Amino acid sequence: MGFGWAGMFRKYLVEPAAMWWPYNLVQVSIFGALHEKEERPKESLTRNQFFLVALICSFAYYALPGYLFPMLTSLSWICWIFPKSVLAHQLGSGLHGLGLGAIGLDWSSISSYLDSPLASPWFATANVAAGFFLFTYVIVPLAYWLDLYNAKRFPIFSEKLFAYSGGEYNITAIVDSNFNIDLEAYEKGGKLYLSTFFVLTYGIGFASLAATVVHVLLFHGREILQISKTTFQEKTMDIHTKLMTKYEQVPEWWFIVTLILNIAAAMFACEYYNDQLQLPWWGVLLACGISIFFTLPIGIITATTNQKPGLNIISEYVIGYLYPGRPVANMCFKVYGFISMKQAVTFLQDFKLGHYMKIPPRTMFMAQIVGTMIAAMVYLGTAWCLMNLIPNICDTSVLPSNSPWTCPMDHVFYDASVIWGLLGPRRIFGDLGTYSAINWCFLGGAIAPFVMWLAHQAFPDKEWIRLINMPVLIGAISIMPPATTVNYTSWILMGFIFGFVVYRYKRDWWQRHNYILSGSLDAGLAFMGVLLYLWLGLEDISLYWWGSELDGCPLASCPTAKGVVVEGCPVY
């Protein structure tokens, strides 16, 4: 389905020069370094040599956080100073707390959720930093220590689902044999609760979604309307679009046929396997409608800031209200609504890369089709092998703390299926739930871009006002959890160093090496990660010592309410 959405929005998200897709510059720089002939500068390296040196260094270094010294992933020094203080662990833990002062010296931790900070424009990094600090160090602490929604009964940061007692909620007790909700068992078990950070993250997601639509309408609406009315004239083309006109373009019907076939296959699967998938045929069409509506605004934000607002919440919210009590249906709807849009944005990014590299569009299209088919089989085969080869994969209650197989994104995906699918938004965020006030975040998110637009109209000469991007600022922490605070603190620090300091004071070096360094760090990490798994992981050769602990903050997940008993935690 992503191919279809991508084909429909090429005119808006690929051809205009303003849609520059920052992350593509990393790949363009690497391709240039590897293929262009270059004279070696005096007392310096060619870009190819620099790439190889940086790749070797990244490859060698990742042996430390990847195996020998995993604690480099999150150096939470406040916990070391106060080893028995719950408050210190809550504040200082980079993996289970607010990450105050925590830093990660692990490129996989830095770039795992927000992509490379070296590829992010500084204004976007600054927006993310502002949103992160405001939310993490102002809003969340106030909500927690004011005991909003009984916050102190649960960890300050966790993706798990809790009962009122403070323990984990027994989900299996409220699911019947058909994977539907057992209302009698749910009434007996009591309401489900979320950690402070988790529930406020959903509020931020509501606000970010509304802010994205309003921001695009206010700041890009005129451009969208103009492109819709007219085709590109010679005078409006940038150099890349001019050069691409010599190639035969991909006919629109190729995308339409691909889209129709995929929608038909999805509808057939949902009807034929309805007992397993639970989603009716109309759910596929509704998911497609949501996906096509949001592809353009989210694509514009991604193409100009390298940040990706999420559509997952609105997908879960809609089907959760229309079809509650069916978690598998909610997951399927999320795949067809959110994942198809996410794939469309990825395909559009690839189209822009081909645009920069002057790859014939039809060749690019076929490469994407064939690549997607191969990738689907490889991914399925890899997943099947891992589930059979890795004991207790994804089971955090059994796996050691430094295990790489904890599957944080899958845990959040599962929790979302319970919140939005099994229970439904009405029992969590509606009149039957605890967190109904969170819905006001939709209104707040819609108002925020309007305020910035009025400020820009009042002070058009103040360029910094236009650089305040409310969807990015508000949605800065929308992927937390599974992302943790140390992922953000380290990413922001790296973004500040290279996006501001180096760019400002070593502009020549930045222009020549910044994107190449980003690519080489990714490549070195990938090679060493595969080597460590094949060499040590398959043989189950582990190393356990003080530095093997990922965080060193065992009390960070403890509740602080009076009388709540949790194993391993002090009782107040």
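Quick look at the numbers
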{"item": "Helical segments meeting 15 Å axial Cα length and Kyte-Doolittle 1.0 threshold in the chain (DSSP H)", "result": "24-35, 47-61, 122-134, 196-229, 252-272, 281-305, 361-389, 440-458"}
{"item": "Set of lysines with alpha-carbon distance to Lys11 below 22 Å, sequence-local pairs under 8 removed", "result": "Lys229, Lys235, Lys242, Lys246, Lys308, Lys342, Lys352, Lys358"}
{"item": "Theoretical gain in end-to-end length, Thr241 to Ala185 [0.36 nm per residue, Cα-Cα removed]", "result": "14.1 nm"}
{"item": "Reachable aspartates and glutamates from Lys334, criterion Cα separation under 20 angstrom, eight or more residues apart if same chain", "result": "Glu159, Glu271, Asp275, Glu316, Asp410, Asp415"}
{"item": "Nonlocal Lys pairs with alpha-carbon distance under 23 Å, the stretch 55-207 (8 or more apart, or different chains)", "result": "5"}
{"item": "Sum of -39500 (n - 2.57) over DSSP H runs of 4+, divided by residues of the chain (222 nm, nearest 500)", "result": "-17000 deg cm²/dmol"}
{"item": "The stretch 330-404: trypsin sites (Lys or Arg not before Pro) falling in loop per DSSP and having at most 11 other Cβ within 10 Å", "result": "Lys358"}
{"item": "Solvent-accessible area per residue, Å², over the stretch 1-102 with all protein chains present [probe radius 1.4 Å]", "result": "47 Å²"}
{"item": "Cα pair count fraction exceeding 21 Å, expressed as % - the stretch 456-572", "result": "70 percent"}
{"item": "Rounded accessible area per residue of the stretch 105-218, 1.4 Å, Å²", "result": "38 Å²"}
{"item": "Extended-chain gain in nm, criterion 0.36 nm per residue less alpha-carbon gap, Leu105 and Tyr503", "result": "141.1 nm"}
{"item": "FRET efficiency, Tyr273 to Arg362 (Cβ-Cβ, R0 35 Å, nearest 0.05)", "result": "0.50"}
{"item": "Solvent-accessible heavy-atom area per residue, rounded to whole Å², over the stretch 403-547 at 1.4 Å", "result": "50 Å²"}
{"item": "Computed FRET value (nearest 0.05) for Trp145 with Trp464, which takes r as the C-beta separation and R₀ as 35 Å", "result": "0.55"}
{"item": "Calculated from backbone phi, Karplus (6.51, -1.76, 1.60) coupling profile of the stretch 555-572 in Hz, x at Gly/Pro", "result": "8, 5, 8, 7, x, 10, 6, 5, x, 7, 9, 9, 4, x, 10, x, 9, 8"}
{"item": "Accessible area (Å², 1.4 Å probe, nearest 10) - Val53", "result": "70 Å²"}
{"item": "Heavy atoms of Met387: accessible area, 1.4 Å probe, square angstrom to 10", "result": "120 Å²"}
{"item": "Order by protection proxy (mean Cβ within 10 Å, highest first), peptides 239-250, 516-527", "result": "516-527, 239-250"}
{"item": "Rounded percent of accessible protein surface that carbon and sulfur make up, the chain, 1.4 Å probe", "result": "66 percent"}
{"item": "Largest to smallest accessible area among Thr258, Thr372 [probe 1.4 Å]", "result": "Thr372, Thr258"}
{"item": "Table column - 3J(HN,Hα) (Hz), the stretch 85-90, Karplus curve with 6.51, -1.76, 1.60, x for Gly and Pro", "result": "9, 4, 4, 4, 5, 5"}
{"item": "Relative contact order for the chain, counting Cα pairs under 8 Å that sit 6 or more residues apart, in percent", "result": "34 percent"}
{"item": "Extended-chain gain in nm, criterion 0.36 nm per residue less alpha-carbon gap, Leu534 and Gln249", "result": "98.3 nm"}
{"item": "Share of pairwise Cα separations in the stretch 277-416, more than 17 Å, in percent", "result": "70 percent"}
{"item": "The chain - Debye-derived log10 I(q)/I(0), Cα point model, q = 0.10, 0.12 Å⁻¹", "result": "-0.95, -1.43"}
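The values are calculated or read from the model by the stated rules, or taken from the named source; none is laboratory data. Being a predicted model, the structure only gives us computed values, none of them experimental. Neighbour counts run over all protein chains shown; Cβ positions are idealised from the backbone, glycine included. Remember, those area values only see protein heavy atoms, side chains included, never the ligands or the DNA or RNA. Shrake-Rupley method; radii C 1.70, N 1.55, O 1.52, S 1.80 Å.
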